[in-house]
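Down below is the structure, laid out as structure tokens.
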Amino acid sequence: MHELNDFLEPGMLVRHPDRPDWGTGQVQSNIGGRITVNFREEGKVVIDGSRVTLIPVMEPPKD
């Protein structure tokens, strides 16, 4: 079980640990461990949160 995914909410930025080529993605939804993410280079992908722990991306500070 990947409890780290439990805190992911819509609007948060993430990366897929096994697919760096997908770029940064924005979480669209997180329902029952199924996380829908819209990746810059891959488009919308549904991730099984029990199999993959997404990496949170902290937004750079805005000037």
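The values are calculated or read from the model by the stated rules, or taken from the named source; none is laboratory data. For clarity, every value in this text was computed on a predicted model and none was experimentally measured. Cβ coordinates were reconstructed from backbone atoms using ideal geometry, including for glycine residues, and neighbour counts include every protein chain displayed.
Of everything in the stretch 41-56 that's in contact with a strand residue (DSSP E or B) (Cβ under 7 Å, 6 or more places away or on another chain) and outside any strand (DSSP E or B), which residue is modelled with the lowest pLDDT?
Taking the stretch 41-56 as the starting set, the residues that turn out to be in contact with a strand residue (DSSP E or B) (Cβ under 7 Å, 6 or more places away or on another chain) are 44-49, 54-56.
Applying the additional criterion that residues be outside any strand (DSSP E or B) yields 49, 54.
Details: Gly49: 94, Leu54: 97.
Among residues in the stretch 41-56 that are in contact with a strand residue (DSSP E or B) (Cβ under 7 Å, 6 or more places away or on another chain) and outside any strand (DSSP E or B), the one modelled with the lowest pLDDT is Gly49.
So which residues in the stretch 20-40 are touching a strand residue (DSSP E or B) at 6+ places or on another chain (Cβ under 8 Å) and part of a loop (DSSP other than H, G, I, E, B)?
Gly23, Thr24, Gly33, Arg40
What are the residue pairs meeting all of these: first residue in the stretch 1-30, first residue on the phi < 0 side of the Ramachandran plot, second residue among the basic types (Lys, Arg) and surrounded by 16 or more Cβ atoms within 10 Å (Cβ to Cβ), Cβ atoms under 9 Å, and 6 or more apart or on different chains?
Trp22/Arg15; Thr24/Arg15; Gly25/Arg15
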